[in-house]
Amino acid sequence: MAAVPLSDPSERDGRQGETEGEVDGMTEGGDCVDPARPCGEDCVSDDGGDGDDGGRSVPLVSPSAPLHRGPRLRPDGTSSVSSSSSSSSSVQTGVGIWEAARAEPDLVRKLCGTAGTWFLFDILFYGNTLFQPLVLETAFGTDGDSDGGGGGDDDGGSDGGFSLLLQTARDSLFLSAIALPGYFVSVALMGRTTCSGLVVQTPRYVQMQGFALMAALYALIGGVWDRLAASQYLLVPLYGLTFFFANYGPNATTFLLPSVTYGKGCRSTLNGMSAAAGKAGALVGAAAFEPAADYLGDGAVMQMCACVSLLALLVTRRCVRDGDGTVAASS
């Protein structure tokens, strides 16, 4: 068997250099970046000889060689590192959020309109949610009171506690039956034109209606609390209507207003800040209602709720404007 002559080492090194030079002229995906060649065409060897290999594409990398996943090469020979670019883009994104917030037109006014009203509403909503058993007890009394006093003590503490639990669940269900339809009315009217085309039910206007009617109901309940306490079938419907208009108005619009108020660059961030203000209001309402009722009385608490509702109405009227989101997006 005849020995196969090896190629000249200098010739082999020359061919390897030509192949590496062609690899340097291509991107990772195989696109040619040599300025002398139009991009999108296959890189072929510059060998224009008259032999059998003339005009054929020369494989740039051996099939058995591993694919090199190095940095992408630019026409000037420099490389771009994806990790540094991704980190810099994340920094730019973080800076861009606050830059967009600072560039938001009338930012203070808008925050008062979304975060301020959410704060005031959650004082009312969560405070009255915890105050609700006291109102129901005033209206319906307890089973012991209805039995002429002490009727539940003969059955033991467990039976008395279970009877009180059933009564509270029954009365709360009655209030919920009044309050729940408020959501459906809000969905049915939001965005529609009512009053023979005179009124457009925008989120701002729906929220103003809710706060106005809540203020009127709280003022009525607080003003004649002693009389209403003796008429349970009048107190409970009036108190339930406060939850109805809460669900119809601010409970359906406070989380919606930030989405239609702020521009896209900072919308989610300022929405979160508004929601955080609402949770702070819930904390204030949950902590303040019971001490206020102990020191000032139940009727005074209802009057305070009327004042908070009126303040929220004024803040909504002054600080919330229809079309804020459209103006922010265009600017």
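Read-outs throughout are calculated quantities, based only on the coordinates presented, and are distinct from any laboratory measurement. This one's a predicted model, so the numbers in the text were calculated from it and none came from an experiment. We place every Cβ from the backbone using ideal geometry, glycine too, and count neighbours over all the protein chains shown.
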Note to self: Show me, for segment 171-176, the HN-Hα J-couplings you get by feeding each phi into the Karplus relation (A = 6.51, B = -1.76, C = 1.60, θ = phi - 60°), rounded to Hz, glycine and proline as x.
What the structure shows: 5, 5, 5, 5, 5, 5
Notebook entry, point to check: Ranked highest first by the average count of other Cβ atoms within 10 Å around their residues, in what order do 109-119, 312-322 fall?
Noted result: 109-119, 312-322
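Dipole magnitude of segment 106-330 about its Cα centre, charges +1 at Lys/Arg Cβ and -1 at Asp/Glu Cβ only, in debye to the nearest 20?
On the way: 12 positive and 17 negative charges, 402 e Å.
So the dipole magnitude of segment 106-330 works out to roughly 1940 debye.
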Next item on the list: Just order 237-243, 276-282 by mean Cβ neighbour count inside 10 Å, highest at the front, would you?
Entry: 237-243, 276-282
Next item on the list: Mind listing the long-range amide H neighbours of Val199? Cut-off is under 5 Å, sequence gap 5 or more, other chains count too, H placed in the peptide plane at 1.01 Å from N.
Entry: Thr194
Margin query: Please list, in order along segment 226-235, the HN-Hα scalar couplings obtained from phi with the Karplus expression 6.51 cos²θ - 1.76 cosθ + 1.60 (θ = phi - 60°), rounded to whole Hz, x for Gly and Pro.
Written below: 5, 6, 5, 4, 8, 10, 5, 7, 9, 5
Checklist line | Karplus (6.51, -1.76, 1.60) ³J(HN,Hα), θ = phi - 60°, over segment 131-136, in Hz, Gly and Pro reported as x | finding: 7, 4, x, 5, 5, 5
